[in-house]
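Just so you know, all these numbers are worked out from the coordinates, no wet-lab data involved. Fair warning: this is a prediction, and the values are worked out from it, not measured in the lab. With ideal geometry, Cβ positions are generated from the backbone for all residues, glycine too; neighbour counts draw on all protein chains shown.
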Amino acid sequence: MSDYETVKYSQDDAVAIITIFRPDAMNSFNTELRRDLLAAFEKAAGDESIRVVILTGNERSFSAGADLKNSISCNKTVEQQLQEEYRPIFECIAEMKQTVIAAVSGSAAGIGMSYALICDLLVMADNAFLLSPFTTISLVPDGGLNWFLVHQLGYRRAFQLSIESERISADRCVELGLANRAVPAESLMEETLKWAQVLAKCAPLSLAATKKAMRHAVSHDWSSTFDVEVSLQKVLRESADSEEGVRAFLEKRKANFKGQ
């Protein structure tokens, strides 16, 4: 186990587990957490032995959002905090080749909700909820939350959920497509790790390329997405893993992918 001041980092075979650890502050984000979380994700992104990353929170909460006391006392402006400290973490999660799964217990509120939604996959405890509470303190959703919600829910539903600061239950999140699965709270990490281990055995080059293509597709047109697919397919088709996959299929056995 490798610990930062506000983040715990561990590895289970090819799965990295990054745990937000500010239990006395509901895992809310202060300067140290923003620094540590970026360092942890950069570590996982640069580790060739890691194929899947789980992002979760310590004990009762994923994250309560920004630590408002810290935000007020911080020597950086809100703009600087968002652009220089929050944004690099979002970009690292979106651009890293590994699949990132958010495991949400308790609440993922404010920018904590943004971090849950930037992940590639989302598992929620059945008693957990997402919350965009910004209108209660006269602020605008941030961390790209407006983009996430409008793209996933459509404008009217996204607008309503935000301005009414509705607690979105785990089952409702699955229904709306915000989450992939809702599982019993007591087995959240067990179920998430089990899923991560299954994905870690899939073809890593294929998962990384699919992530890249689909994230491009979210905000680009069909034509440019087609071109991205062509480029990625060319590289993958020439890989040793593709040869192994085809050979295993013909030989009716399980493929042994090495990420090459």
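Data table
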read-out	value
Residues THR225, THR6 arranged by fewest to most Cβ contacts within 10 Å	THR225, THR6
Whole-number D in µm² s⁻¹ for segment 131-225, Kirkwood Cα-pair radius fed into Stokes-Einstein, 25 °C, 0.890 mPa s	154
Pairwise label distance in nanometres, HIS216 with SER187, each label 7 Å out on the Cα-Cβ vector	3.9
DSSP-assigned coil residues among GluC sites (Glu not before Pro) in segment 91-176, each with at most 14 further Cβ atoms within 10 Å	GLU164
Length added when fully stretched, ARG87-LYS194, from 0.36 nm per residue minus Cα-Cα	35.6 nm
D_trans [Stokes-Einstein, Kirkwood Rh over alpha-carbon pairs] for segment 1-99, 37 °C, 0.692 mPa s, µm² s⁻¹	238
Nitroxide proxy distance, nm - points 7 Å out along Cα→Cβ at GLU48 and ALA94	2.9
Gyration tensor verdict on segment 3-52 (Cα atoms; rounded if a/c is under 1.5, prolate if a/b is larger than b/c, oblate otherwise)	prolate
Cut-off 20 Å (backbone N to label point 7 Å along Cα→Cβ of VAL150), residues of segment 86-103	87, 90-91
Per-residue [θ]222 nm for the chain (sum of -39500 (n - 2.57) over DSSP H runs n ≥ 4, rounded to 500)	-13500 deg cm²/dmol
Sorted by Cβ neighbour density within 10 Å, fewest at the top, the residues PHE226, PHE41	PHE226, PHE41
Residues in segment 15-37 that a label on VAL78 would reach, taking backbone N under 18 Å of a point 7 Å out along Cα→Cβ	29-31
Residue of TRP222, TRP195, TRP147 that the Gaussian network model of the chain assigns the largest fluctuation, springs spanning Cα pairs under 10 Å	TRP222
Placed amide H near ASN127: partners under 5 Å, 5+ positions off or other chain	ALA185
Nearest-0.05 FRET efficiency for THR135 and PHE226, computed from C-beta distance (R0 35 Å)	0.30
Segment ARG35-LYS234, extension gain: residue separation times 0.36 nm, minus the distance between their alpha carbons	67.9 nm
For the chain, diffusion coefficient by Stokes-Einstein and Kirkwood Rh (Cα), 10 °C, 1.306 mPa s, µm²/s	83
Residue with peak Gaussian network fluctuation, the chain [Cα springs, cutoff 10 Å], from SER49, SER132, SER61	SER49
Top of ALA200, ALA108, ALA240 by mean-square fluctuation, Gaussian network on the chain, Cα under 10 Å	ALA240
Fully extended contour minus Cα-Cα distance, from ILE163 to GLU244, at 0.36 nm per residue	24.0 nm
Gap separating the Cα centres of segment 155-217 and segment 45-97, nearest whole Å	17
